[in-house]
1. Per residue, what accessible area does the protein assembly as shown have, given a 1.4 Å probe and all protein chains present, in Å²?
2. With a Förster radius of 25 Å, plug the Cβ-Cβ distance of A:E313 and A:Y124 into 1/(1 + (r/R0)^6) and report the FRET value to the nearest 0.05.
3. Rounded, prolate or oblate: which fits region A:257-576 when a ≥ b ≥ c are the square roots of the eigenvalues of the alpha-carbon gyration tensor, with rounded for a/c under 1.5 and prolate only if a/b beats b/c?
4. As an exercise, identify the chymotrypsin sites (Phe, Trp or Tyr not before Pro) in region A:56-111 lying in DSSP coil whose Cβ has no more than 10 other Cβ atoms within 10 Å.
5. Please give the net charge around A:S97, taking every other residue with its beta carbon less than 14 angstrom from that of A:S97, where Lys and Arg add +1 and Asp and Glu add -1.
6. Which aspartates and glutamates does A:K324 reach when only Cα atoms under 14 Å apart count, and residues fewer than 8 places away in its own chain are ignored?
7. Where q = 0.19, 0.22, 0.25 Å⁻¹, what log10 of I(q)/I(0) comes from the Debye formula for region B:5-85, counting one point per Cα?
8. Starting from the 7 Å offset along Cα-to-Cβ, what nm value, one decimal, do you get for the label separation of B:T62 and A:V386?
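The values are calculated or read from the model by the stated rules, or taken from the named source; none is laboratory data. Remember, predicted model here, so these are calculated numbers, not experimental data. Heads up, the Cβs are rebuilt from the backbone with ideal geometry, glycines too, and the neighbour counts pull from every protein chain shown. Side chains included, ligands, DNA and RNA excluded: accessible areas come from the protein's heavy atoms. Shrake-Rupley method; radii C 1.70, N 1.55, O 1.52, S 1.80 Å.
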Amino acid sequence: MKTKSGIPVSPGVAIGPAMLFGARGFRIPQRFVSVDAVESEIGRFRGALHKVAQAIEENQHVASQRLGEEYAAIFGAHLLMVRDPKLLGEIETLIRSKCFSPEFAASRVFRNYAKAFQNLGNAYLAERATDVFDLEKRVLHALLGEDRPELTHLTESVVILAHNLTPSETAGLDREKVLGFATEVGGRTSHTAILAGALELPAVVGVGGFLADVSAGDIVIIDGYRGEIIIDPDEETLSRYKLVLEQYKSDKQRLAKLTSAEAITTDSVRIQVLGNIEFPQEVEHCMERGADGIGLYRTEFLYLGTNQIPSEEDHYEAYCKVVKACGNHPVVIRTLDLGSDKVPANETEFVSSCDNPALGLRSIRLSLNNLPLFKVQLRAILRAAVYGDVRIMFPLITSLLELRKAKMVLNDVMDDLDEAGIPFKRDVRVGMMVEVPAAALLADQFAPEVDFFSIGTNDLIQYTLAVDRADPSVANLYWAGDPSILRLIRMVVDAGRTHGIPVTVCGQMSSEPRFIPLLVGLGLRHLSVTPIAIPEVKDLIRHLSSSQSEEIARHALTLDIARDVENYLRGEVDRIYPDGSIAE
Amino acid sequence: MSEPVRQTITVKNENGLHLVPCSLITRAATGFACQVEIHSATRKADAKNIFDLMGLGAACGTELTLIANGDGAADAIQKLVELFESGLEASSRRPNS
């Protein structure tokens with residue numbers, strides 16, 4: 001038994017046989033072959049290439065049918081590459097003269113070409129190295145045979161152990177067959193990590209070199225809560241984890257039964273429970289758990305996933321997917337919240353590089369500073385709004401002037417669309433995030449100018465308490481239950497009530513059971529939570545009464561120390577909802 | 001033996017001679033018996049070899065010289081010049097569906 005630690009990026013436990021992927025997805029079994037095997041190895045190599053060419057032809061055909069000739073042309077080019085006589089000559093020469101195995105020879109030659117492309121000094125052309133790596137993968141796959149199935153076509157349940165998974169590989173994982181994964185590299189905010197969370201696969205990244213210690217088929221446990229992987233566990237460990245897994249599954253089943261039940265308190269107050277999402281495919285996770293809509297659609301992934309700035313059509317397609325999947329339910333689309341911790345590699349020029357990015361050019365400030373970028377997104381949102389109940393939300397609004405500017409840009413975009421005769425929805429509701437203390441303090445001034453508020457607790461707490469939660473040396477000073485936070489939330493809710501606009505809480509706070517009675521008691525009727533928390537939040541609400549919640553909120557507001565507030569709230573939740581076991 | 005045919009052209013397509021343009025050139029050149037080379041200021045490539053062509057790393061605006069030698073050299077040059085003029089993109093025709 002061996003235990004390795006990494007960074008937990010997606011909770012849950014997975015137990016299953018290991019499937020290994022080396023640095024480029026394949027481990028080359030041997031580098032050399034014996035002299036008398038050379039001719040048969042060359043035959044094997046030609047057979048493999050033939051298979052690869054057939055597969056590419058198939059891709060080309062499908063692409064031309066479904067996508068158009070310009071996409072099919074890419075496969076046409078791949079075909080030319082695998083049939084290139086010079087390339088084949090080089091590989092066969094290495095096999096013949098140096099007794100290299102076909103795998104090793106092919107890998108070397110392909111990589112030499114890839115490296116040459118990368119060194120061309122032209123970013124776009126250098127990207128083509130990826131195409132060469134793709135071919136290398138295909139050829140190795142054909143050489144190594146059917147025992148190395150594609151990630152998308154698995155026949156049995158496995159735990160994936162890899163050097164690295166690309167975001168597209170992660171997104172393509174078969175959720176039915178892949179139980180979880182661990183990678184040697186990667187960090188908490190890598191796209192792979194973000195996707196693992198979205199797919200709800202237990203995952204640990206950044207483990208460091210461990211692939212050499214595992215063989216394919218070894219039983220491996222991935223502990224996505226603690227960030228550990230256990231290779232070849234002993235009986236005791238295995239049975240302990242099997243128990244955790246059973247508990248996890250039965251909790252999930254119990255809560256799954258509640259999806260159709262409305263989130264309604266024992267004294268008949270209906271609470272809207274919405275989902276926070278990042279990717280279009282997460283809508284499904286929300287809807288199957290009985291969400292009342294999408295309360296926060298973060299649109300940053302559109303920018304982070306690629307090397308190119310997304311076009312209006314990229315935005316439009318993603319939004320349409322979400323809006324259509326939601327039917328009549330509301331979808332709150334938050335405009336670009338880039339900057340601070342979320343900076344795409346190639347867009348650093350947009351973002352301030354000062355020492356204090358959380359207070360720098362980010363979010364709505366970035367949008368107002370880059371109007372063309374902002375307008376592209378707004379156009380796409382307005383166009384997608386035709387298909388459902390879309391609402392626009394501006395993040396990080398700090399002053400009224402900023403809000404008015406953003407709304408003016410929105411009006412300009414509407415006029416442009418109108419003039420161009422492009423269909424869009426004019427009467428979309430426009431709201432703002434309340435996440436800067438200045439906005440919370442002046443909520444009564446903002447309220448008449450927006451259709452809704454959404455309290456972003458993560459930033460509100462960071463700015464109010466002046467604590468960066470990601471900094472371990474001060475993380476213990478970060479308290480969602482701080483009296484100042486409670487008071488700010490109450491101010492925002494009161495302003496909303498006075499002016500007749502709805503208020504939602506969409507930060508981490510609303511996904512944590514201990515804060516639910518408090519939030520309901522403060523008067524919140526809309527909670528937007530992480531998809532996995534939806535069933536539990538709804539179930540908890542069904543155990544609450546609004547009068548009891550008001551009592552809890554009233555008492556919490558009298559406590560003067562954050563720790564006391566949180567202890568009190570935790571005690572209350574344990575009393576009201578003793579079954580709660582998943583999140584805590 | 002006739003003289004080699006030469007022609008200088010400029011790369012017009014936005015992303016330079018990337019994969020798809022190179023594949024179109026290779027396909028066209030392979031249709032001729034003559035030898036066809038493409039020279040940039042610093043490198044030369046066999047027009048019938050896609051890896052060679054990619055290795056030119058020719059970005060938009062790069063000046064290249066096409067040199068054909070042998071049977072059908074003039075036709076080959078004419079065909080390649082037409083290709084370069086047309087922008088070297090695959091047809092963007094959408095499938096009928």
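1. Values: 30320 Å² over 681 residues.
Roughly 45 Å² per residue, with all protein chains present.
2. The value I calculate is 0.80.
3. Values: a/c = 1.74, a/b = 1.37, b/c = 1.27.
Verdict is prolate for region A:257-576.
4. Nothing satisfies the criteria.
5. Working: positive: A:R96, A:K98, A:R108; negative: A:E39, A:E41, A:E90, A:E92.
Around A:S97, the surrounding residues sum to -1.
6. Once the sequence-local aspartates and glutamates are set aside, what remains near A:K324 is A:E282, A:E284, A:D389.
7. Relative scattering, expressed as log10 I(q)/I(0), comes to -0.69, -0.95, -1.27.
8. Once both label points are built, they end up 4.3 nm from each other.
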